[in-house]
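The values are calculated or read from the model by the stated rules, or taken from the named source; none is laboratory data. Just so it is clear, the structure is predicted and the values come from calculations on it, not from any experiment. Cβ: placed from backbone, ideal geometry, glycine included. Neighbour counts: every protein chain shown. Accessible surface is based on the protein model in full, side chains and every heavy atom, while ligands, DNA and RNA are left aside. Shrake-Rupley method; radii C 1.70, N 1.55, O 1.52, S 1.80 Å.
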Amino acid sequence: MSGETASGLRRDAIGLCEVLFQSITAMAPAAAVAASIPSGAAFAGGSLPLSVLIALVACLFTASCVADLARELPAAGSVATYAARGLHPAVGFLVGWGYVFVEALIPPLLLLQLGFTTAGTLHEEWSSYPADLWWPWSLAGAVVIAVAGYLGVRASARFGLVLGVFEVLVLLVFAGWLIGRAGADNTLSVFGTSHTADGHGGMSGVFAGSVYTVLAFAGFEAAAPLAEETRDPRRTMHRAVLGAALGIGLFYVVTTYAMTVYFGPGRFGTFGASGEASWEGVARASFGLFWVLVFLAVVNSTIANANACANVSTRTAFALARIRVLPGFLARLHPTYRSPVAGIAVQSAVAVGAMLGLGFGYDPVTAFLLLATVIVTVVIGVYIVVNLACAGYFLRQGRAALEPVRHLLFPLLGIVAFVPALLTAAGIPAFDFVTRLTAPVSYAGPVVGVWMAPESSSW
């Protein structure tokens, strides 16, 4: 291991396919379809496909801003660089500080999900397997991710590419099967407001469902921190960020439509993330061993997502360490693989420590919910700031390339789209469908405040 950083990260190591799936796997499409998006069914009911379509359009506003900034400013610092150049260096520092914090927490979040999902499924199949024996699977996942990261961006990105293709194909094949089995029950009425859940009629139910669905899009910007390791980064980053948001958004629309028309729009308000009325439940009841593939796709999704976000956190930490914002040792690279090995070691230690500490301190599901609330709150805040940074950059430094619709209107619409999601994630009851957080999940706000407050006050 060498302390020399002069030659930097490995240049031209990966291309469009790898960075596209870096963003795709960071969105965890299979896990989102099976566990995240169904949370909106309690409000949108059988009109959930319309909610997903609205969320896709809303997220494309911010994705367009990120893509344009990634093309103008291709750097490992990604969102921190955008905020620094578009608004102020102090804002860039705060964004980077918050972003590296939450991206470092995503791997333990996903490893917890890997553990309790695998243990719960094995216990359901073989009652002799202890339902609470989740941690060996989580530790195994941590080892796989650390090894992939150590071997360099080419290995970790291609690993993510393989995992991403698998999970997307499994869910698309299953969706096609569901649409075929639905037969005459296929209907475009699910893209209207006639099937919303009881008590959430019309557009109010669709809006509530879309707010919860927006959270499933988080991660589309994850390609950006790999800019310095990507061939033709200006063009490639732009295509990868927009392509991931649009492609996976359409994937969400198709899969949600398929399950809605198969399960029945009139009773889709009862659909959820587990039990008979869930993706795994439907697969078990109607498609025999196909449920195993759905289960593997979800497990695969947790590993792929953790791998992608480990890439993000270590590259962001590398960029901040390179300019001495974080300790310099985090910029240390492997002499052969050019991977940020010190950052990978720290990331692995944080992942294992947070996973085991919170998982045993509470339980893995509660720990998952606590980490998820911390992460989503900060990430959505980062998206809002990046929208502002897009307008700021093109008004100040990129005036020659300014396009009012893309660089002024889109950032405004992106902010409007994400503010309700931020309030919902934080449990602030600005809308009647927002549920107040209870302990220990409610500790997320103080955790974020403690992390950000000292750095905010220093500026």
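Which of Leu60, Met259, Asn300 sits farthest toward the positive end of the charge dipole of the chain, with +1 on the Cβ of Lys and Arg and -1 on the Cβ of Asp and Glu?
The listed residue farthest towards the positive side: Leu60.
Kindly report the accessible area of the chain per residue (heavy atoms of protein chains, probe 1.4 Å, no ligands, DNA or RNA), in Å².
Solvent-accessible surface per residue comes out at 38 Å².
Where does helix 410-425 land angle-wise versus the long Cα axis of the chain, in degrees 0 to 90, nearest 10?
Helix 410-425 sits roughly 60 degrees off the main axis of the chain.
Loop sites only, by DSSP: take the trypsin sites (Lys or Arg not before Pro) in the chain that have at most 10 other C-beta atoms within 10 Å and name the longest stretch containing none of them.
Counting at most 10 other Cβ atoms within 10 Å as exposed, the longest clean stretch of the chain is 1-323.
According to a simple spin-label model (label point 7 Å from Cα along Cα-to-Cβ), what is the distance in nm between Leu169 and Phe287?
Those two pseudo-labels are separated by 1.5 nm.
Rounded to a whole number, what % of the accessible area of the range 294-356 do carbon and sulfur atoms account for, probe 1.4 Å?
About 70 percent, which is the carbon plus sulfur part of the accessible surface.
From the helices alone, meaning DSSP H stretches of at least four residues, give me the mean residue ellipticity at 222 nm for the chain, per-run term -39500 (n - 2.57), in deg cm²/dmol to the nearest 500.
Values: 15 runs with 301 residues, N = 459.
Rounded to the nearest 500, it is -22500 deg cm²/dmol.
Mind checking the full-extension length gain between Ala155 and Thr435? Use 0.36 nm per residue of separation minus the Cα-Cα distance, one decimal, nm.
96.6 nm
Could you please report the charge total around Thr121, scoring K, R as +1 and D, E as -1 over all other residues with beta-carbon less than 11 angstrom from its beta-carbon?
Numbers: positive: Arg284; negative: Glu124, Glu125, Glu280.
Computed value for this residue: -2.
Running Debye on the range 68-195 with equal point scatterers at the Cα sites and no solvent, what base-10 log of I(q)/I(0) appears at q = 0.14, 0.22 Å⁻¹?
Those come out to -0.99, -1.20, one per q.
At q = 0.17, 0.21, 0.22 Å⁻¹, what is the log10 ratio I(q)/I(0) for the range 347-459, with the Debye formula run over Cα points and no solvent?
Summing over Cα pairs of the range 347-459 leads to -0.93, -1.12, -1.16.
Can you work out the PRE-style zone for Phe360? Point 7 Å along Cα to Cβ, and I want the residues of the range 105-147 with backbone N under 12 Å.
In the range 105-147, the label zone of Phe360 (backbone N under 12 Å from the point 7 Å along Cα→Cβ) covers 135-136.
With unit charges on the beta carbons (Lys and Arg positive, Asp and Glu negative) and the dipole taken about the Cα centre of the range 314-459, which residue among Leu412, Gly427, Tyr337 sits farthest to the positive side?
The Cα lying farthest towards the positive end belongs to Tyr337.
Residue farthest toward the positive end of the dipole of the chain, with Cβ of Lys/Arg at +1 and Asp/Glu at -1: which of Thr196, Ala26, Phe93?
Of the listed residues, the answer is Phe93.
Sort out for me the Cα centre separation of the range 334-393 from the range 274-328, rounded to whole Å.
13 Å
Using only Cα atoms, figure out Rg for the chain and give it as a multiple of 2.2 N^0.38 Å.
Numbers: Rg = 21.1 Å, N = 459, 2.2 N^0.38 = 22.6 Å.
The reported ratio for this selection is 0.93.
Strictly under 4.7 angstrom between C-beta atoms: which cysteines of the chain have no such partner?
Cys17, Cys59, Cys309 - these cysteines have no disulfide-compatible partner (Cβ-Cβ under 4.7 Å) in the chain.
In Å and from the alpha-carbon atoms only, list the Rg and Dmax of the range 215-345.
That works out to 20.0, 60 Å for Rg and Dmax.
When N counts the residues of the range 231-302, how does its alpha-carbon radius of gyration compare numerically with 2.2 N^0.38 Å, as a ratio?
1.45
Tell me the angle of helix 135-150 to the major Cα principal axis of the chain, expressed in degrees between 0 and 90 and rounded to the nearest ten.
40 degrees
Quick one: helix 202-214 against the long Cα principal axis of the chain, what's the angle to the nearest 10°, folded into 0 to 90?
Roughly 40 degrees, rounded to the nearest 10.
Using the alpha carbon gyration tensor of the range 1-114, what are the three equivalent-ellipsoid semi-axes (square root of 5 times each eigenvalue), largest first, in whole Å? Could the numbers behind the result be given before it?
On the way: eigenvalues 195, 72, 49 Å².
Values for the range 1-114, descending: 31, 19, 16 Å.
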